[in-house]
1. I'd like the residue in segment 251-276 that is more than 15 Å from ALA307 (Cα to Cα) and among the aliphatic types (A, V, I, L, M) and, out of all such residues, is surrounded by the most Cβ atoms within 10 Å (Cβ to Cβ).
2. When you look at ALA150, is it closer than 30 Å to PRO203 by Cα and touching a strand residue (DSSP E or B) at 6+ places or on another chain (Cβ under 7 Å), yes or no?
3. For residues that are under 22 Å from PHE225 (Cα atoms) and under 17 Å from the mean Cα position of the chain (by Cα), tally how many sit in segment 157-184.
4. Taking segment 425-437 only, how many residues are out of contact with any strand residue (DSSP E or B) (no Cβ under 9 Å at 6 or more places or on another chain) and either of a type in the set (A, V, I, L, M, F, W, C) or under 18 Å from GLU413 (Cα atoms) (or both)?
5. Which residue out of VAL146, VAL132 is away from ligand 1 (no atom under 16 Å from the Cβ), free of Cβ contacts under 8 Å to residues at least 60 places away in the same chain and in contact with a Phe, Trp or Tyr (Cβ under 6 Å, 6 or more places away or on another chain)?
6. Could you please find all residues in segment 238-250 being loosely packed, with under 12 Cβ neighbours inside 10 Å and either aromatic (Phe, Trp, Tyr) or closer than 13 Å to THR199 by Cα (or both)?
7. Among the residues of segment 356-413 satisfying the criterion of being of a type in the set (Ser, Thr, Tyr) and within 14 Å of ligand 2 (Cβ to nearest atom), which is farthest from GLY457 (Cα to Cα)?
Amino acid sequence: MKFSQWLKNLEYELLQGNLDVEVEDVVYDSRKARSGTVFVCTVGTRVDSHDFIPEVVEKGVTVLVLERRVSLPEGVTAIFVHNAREALAVLSAARFDYPAKRMVTIGVTGTKGKTTTTHMIKAILEACGKKVGMIGTTGIVIGEKVTPTANTTPESYQLHEAFYQMAEEGCEYMVMEVSSQAFKMHRVEGLVFDYGLFTNISPDHIGPDEHENFEEYLFYKSKIFQCCEVGIMNGDDEHYDEVVKDAACRLYSFSLDKAGTSFKAENIRYVAQSDFVGLEFDVKGAYELAVRVNIPGRFNVANALAAVSVLSFLNLPKEKICHGLEHLSVNGRMEIVYSSERCTVIVDYAHNAVSMESLLKTLRDYKPRRLVCVFGCGGNRSKDRRYSMGDSAGRLADFTILTADNSRFEKTEDIIADIRSSISKTEGTFIEIPDRREAIRYSILHAQPGDMIAVIGKGHEDYQEVNGERHHFSDREEILNVVESSEFINR
Ligand SMILES: CC(=O)N[C@H]1[C@@H](OP(=O)(O)OP(=O)(O)OC[C@H]2O[C@@H](n3ccc(=O)[nH]c3=O)[C@H](O)[C@@H]2O)O[C@H](CO)[C@@H](O)[C@@H]1O[C@H](C)C(=O)N[C@@H](C)C(=O)N[C@H](CCC(=O)O)C(=O)O
Ligand SMILES: Nc1ncnc2c1ncn2[C@@H]1O[C@H](COP(=O)(O)OP(=O)(O)OP(=O)(O)O)[C@@H](O)[C@H]1O
């Protein structure tokens with residue numbers, strides 16, 4: 001392939017060499033540089049990869065893309081661009097021949113609910129017999145194959161490579177989580193999603209290497225409506241007006257509370273039966289559907305409504321959409337791992353006070369005999385989380401078991417002591433069992449009929465991180481071990 005053929009959507013200045021040089025790939029990590037590739041130099045948070053130019057040229061790189069004017073070795077073609085990550089996205093799309101255009105693409109952004117909603121969309125499309133590719137916290141998912149990624153939204157090159165694989169394997173649809181950081185780092189530059197979905201926004205991801213402040217976070221997240229054909233926004237979000245202010249798409253909205261939005265959830269029922277714990281509601285407005293979802297919680301009404309709003313445009317059979325929603329499985333997000341008259345045990349990924357608060361509040365909608373909460377906090381992370389989560393659990397749960405999360409390089413007992421300092425100021429009853437396996441076991445073996453037990457914080461994770469090492473640990477597996485044990489069965 002001639003390099004010039006990849007340049008049609010890029011503004012650049014030729015610094016030296018010949019644009020018709022033959023190239024076969026684009027590389028952005030010097031360690032992967034090889035003969036006949038284009039190396040895109042970026043200025044990262046830790047490394048400025050312009051420094052690797054001598055090394056990559058030595059390895060046979062024929063073209064360099066620069067965003068800093070540096071001295072160049074002879075014999076290599078070099079172009080200067082305004083932003084190298086933007087250029088990486090444009091070149092990667094061209095390198096894989098614009099694979100996203102071969103599928104219906106759905107981008108989902110928002111502070112909370114991205115993973116849940118993308119899984120819902122995928123599950124419903126699959127229930128309708130469609131082949132779907134998915135990208136997000138779970139990694140790159142094509143059929144049964146899951147490829148873990150370093151980021152929720154991977155680097156642009158990895159994205160286009162994944163789109164290409166999806167299209168080659170016959171995926172008609174692609175649904176992905178788009179983080180605010182992805183917009184900031186130009187990972188989705190040049191993509192135009194067929195559908196863009198915005199679940200909600202509240203302060204998060206503000207700090208070193210992420211966003212300077214909430215305004216910046218909102219600015220980048222709102223970009224979803226500048227890179228999609230049809231945009232769907234949460235009409236209940238308090239920042240609605242700011243988010244849609246610069247929208248350049250056909251805009252729709254969904255709501256649980258407000259009249260006049262395009263899609264509205266009405267007649268919401270929280271259902272807790274021994275064989276079904278979940279939600280029922282009616283979608284009204286631009287699309288009408290009676291929905292039953294096998295995942296509990298008010299925020300999952302919003303997630304399911306958001307998913308249905310997108311899918312309403314796709315001419316899918318309504319009975320299959322309903323089937324998909326009633327038989328969902330979203331790993332570690334309000335996941336009912338066990339339910340009987342004896343108790344219901346739920347695993348959820350809530351790992352800050354805001355999520356924990358909404359989780360515990362909405363589980364109260366199910367009127368459990370007791371709401372029991374099992375949780376801990378991560379080590380080597382903000383201590384505020386320990387105080388605020390301790391306070392939420394103390395106020396909202398009937399009984400709390402404090403235990404380990406990923407303690408990392410801290411002592412679990414010290415982390416629990418921090419949580420204790422806030423939970424003990426509330427009226428909440430709690431005990432401490434530092435071993436998470438024992439804590440889960442205790443909560444189930446001592447359950448009273450009608451209890452709801454929420455095991456919080458680790459969700460889908462299948463490890464516990466202690467002293468820099470990851471040991472296999474899954475809340476789901478531990479729960480199943482207990483409920484399948486003779487100790488529980490014969491009790
Ligand atoms: C702050 C940030 O977003 N950093 C991302 C960025 O890394 P960076 O620019 O800092 O990388 P760097 O190490 O300085 O390297 C700069 C360049 O030199 C290259 N390099 C580096 C070393 C070398 O030997 N040779 C070489 O060529 C690197 O490939 C890179 O192109 O580019 C990397 C490659 O794409 C990302 O993996 C990395 O994400 C880091 C791991 C990260 O923690 N990001 C977070 C903030 C993030 O993006 N989070 C969001 C949201 C998650 C959520 O919603 O919960 C996400 O989408 O994951
Ligand atoms: N729509 C929502 N509103 C508020 N909280 C939610 C919503 N959906 C899920 N949650 C809570 O947030 C947690 C994370 O949900 P999910 O993984 O779907 O969101 P996410 O946007 O992918 O989050 P993250 O960026 O933290 O991975 C859930 O375990 C649940 O407790």
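1. Filtering first and then ranking leaves ALA272.
2. No.
3. 12
4. Number satisfying all stated conditions: 2.
5. VAL132
6. Of everything in segment 238-250, just one residue is loosely packed, with under 12 Cβ neighbours inside 10 Å and either aromatic (Phe, Trp, Tyr) or closer than 13 Å to THR199 by Cα (or both), namely GLU238.
7. THR362
Conditions (1) buried (at least 21 other Cβ atoms within 10 Å of the Cβ); (2) within 27 Å of SER262 (Cα to Cα), marked per residue:
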residue: LYS130; (1), (2): no, yes
residue: MET134; (1), (2): yes, yes
residue: GLY143; (1), (2): no, no
residue: THR147; (1), (2): no, no
residue: GLU155; (1), (2): yes, no
residue: LEU159; (1), (2): yes, no
residue: GLY196; (1), (2): yes, yes
residue: SER202; (1), (2): no, yes
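The values are calculated or read from the model by the stated rules, or taken from the named source; none is laboratory data. The model shown is predicted, which means the values in this text are computed figures rather than measured ones. Every residue, glycine as well, gets a Cβ built from its backbone with ideal geometry; the counts of neighbours run over all protein chains shown.
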